[in-house]
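These notes are about the structure you will find just below.
Read-outs: derived from the displayed coordinates by stated rules, not from any lab. Model, not experiment: these values are computed from the prediction. Cβ atoms come from the backbone with ideal geometry, glycine included; neighbour counts cover every protein chain shown.
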Amino acid sequence: MLHRLLTVKILLVAAVCFIAVAAASLVWQGSTGLLVVVAVGQVAVLLLLGLLGRRQAAHDRRRVRDMERTWKLLAQIRTEQSEASRDIRRAVESVSKSVVTLDKRQREKALERHRVVITAVREHKPRFDRITEVVKSVATVTAENRRRLSKLVQEQSGVEAALRRAGRNQYSQVESLINLYRDLDPPFAFPPLAGWAASPDLLRYLYELVCTEKRESVVECGSGVTTLVMAYAMRKQGEGRVVALEHLAEYAAETTTLLERHGLGDWATVLHAPLVEVKIEDEIWPWYDPAKIPEGPFDLVVVDGPPAAVGEQSRYPAVPLLRDRLASDAVIVLDDYRREQEREVGRMWQESDPEWTASRLVHEKGTLELRTKAPE
């Protein structure tokens, strides 16, 4: 509205100026009639300017009144805001006092409950102590039972593994024995293969070793079914002989009778060779009488005696005393290699002569094989 009034005033002033210029021009030219018209227009314009000035003054008064009302309203708002702030502060203070009072009551109640709990705990402490002891005792028993259970589980696993190994071993022994009977086709059954007797897998190995590698001169420390099986192998290949050393006369006689019963007296001989003291590197050992042993050469030595009851490492003298009577491609077979004493004997043999090539065979009682060189 204000901009519009200013625009009208500017146009009126411009019109007055135009009329004044026109009047001056007419005076200059001497046109009186037109001069009157211009004067009348100028008066009209001045009246209009006066009217506009009055309207502008009325408008300004209204604006002043509006501004005064606005200031009064702002002053009222400030007053109300101040009163509201004061009321809020009073409310906050009141709430704070209520909270403090409430906290104090809650603390007192909490302290009272705490005192009640402490009193109850003191009254029931002996019972709690007994319960604690019982819990500890139960925990100890549980831990012990858990340990025992773990041990039983381990033992059970060991037993199961041992049963599986025993099952596999029994199957292997039965299989070896069946194959041995098939190959030998003996007219009579073998003596019981248990206790000191050789296991079927060793018997099968000795039979195949003699037959496949054409072993013809065998000396055996000890006698029994091994002597019988190797005699069968000699008869099958048509040549060779087994000489078995036995320190007890009764066992020598039993093995001799066994050979004759199977018709193998021409293929094996059992010599009664009592144990005597022999000297090996300044140490005395009990062993078979060397005077009873043939000169050789032997291409296979089976060491299954003397028994462990004779003394520790009682089978050690076999290799040192027979070393000069061995063929160049001789094979040494040591039974019962699972036992600690026989493992020590095998270690001593290998240390005394590094040229031996050792192989451990997985048999029921364990077998060590020593070779001077690979068979051709």
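Odds and ends about this structure:
- Here's the list of lysines a cross-link from Lys214 could span, going by alpha-carbon distance under 28 Å and ignoring same-chain residues fewer than 8 apart: Lys236, Lys292, Lys365, Lys373.
- FRET efficiency, 1/(1 + (r/R0)^6) with R0 30 Å, evaluated for Arg338 and Val278 via beta carbons: 0.70
- Net length gained if the chain between Ala197 and Lys104 were fully extended (0.36 nm per residue, minus Cα distance): 23.8 nm
- A Förster distance of 25 Å, applied to the separation of the beta-carbon atoms of Arg55 and Ala75, puts the FRET efficiency at 0.20.
- Overall, the anisotropy analysis places region 186-371 in the rounded class: the square-rooted eigenvalues a ≥ b ≥ c of its C-alpha gyration tensor yield a/c less than 1.5.
- Taking amide H as placed 1.01 Å from N in the peptide plane, the amide H of Ala327 sits under 5 Å from that of Phe298, Asp299, each at least 5 places away or on another chain.
- Of the chymotrypsin sites (Phe, Trp or Tyr not before Pro) in region 176-220, the ones in a loop by DSSP (not H, G, I, E or B) with at most 16 other beta carbons within 10 Å are Phe188, Trp196.
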